[in-house]
Amino acid sequence: MNEFINDYIKLYPSDFLRKKIKKTFDKMSQDKLHGNRSAVKCVVYQSVCLVLQALFYIFFLISVAVLIGIK
């Protein structure tokens with residue numbers, strides 16, 4: 001498995017990216033829930049954005065209905 005990870009890291013063109021990917025793999029080997037935490041954060045942020053989008057859409061529909069009712 002280490003050979004695969006090393007070959008994968010060598011695919012990146014710059015040294016900066018190689019170090020960043022190596023650091024990520026080191027974190028993943030130490031903390032088994034590392035990937036799950038980032039996935040959960042993304043789902044939570046996506047849910048919050050979806051709720052905000054729904055609220056603004058409802059506000060838009062109400063404002064359009066009020067403007068139509070004024071005329």
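Taken over the chain, lysine pairs spaced eight or more positions apart, or on distinct chains, with alpha carbons under 26 Å apart number 17. Ellipsoid fit via the Cα gyration tensor, the chain: semi-axes of 49, 15, 7 Å, each the root of five times an eigenvalue, largest first.
Whole-Hz Karplus values for the range 44-52 come out as 5, 4, 5, 5, 5, 4, 5, 5, 4 Hz, taken residue by residue from phi with 6.51 cos²θ - 1.76 cosθ + 1.60 and θ = phi - 60°; glycine and proline positions read x.
Laboratory data are not the source of any read-out in this text; all were calculated from the coordinates shown. This is a predicted model, so every value here is computed, not measured.
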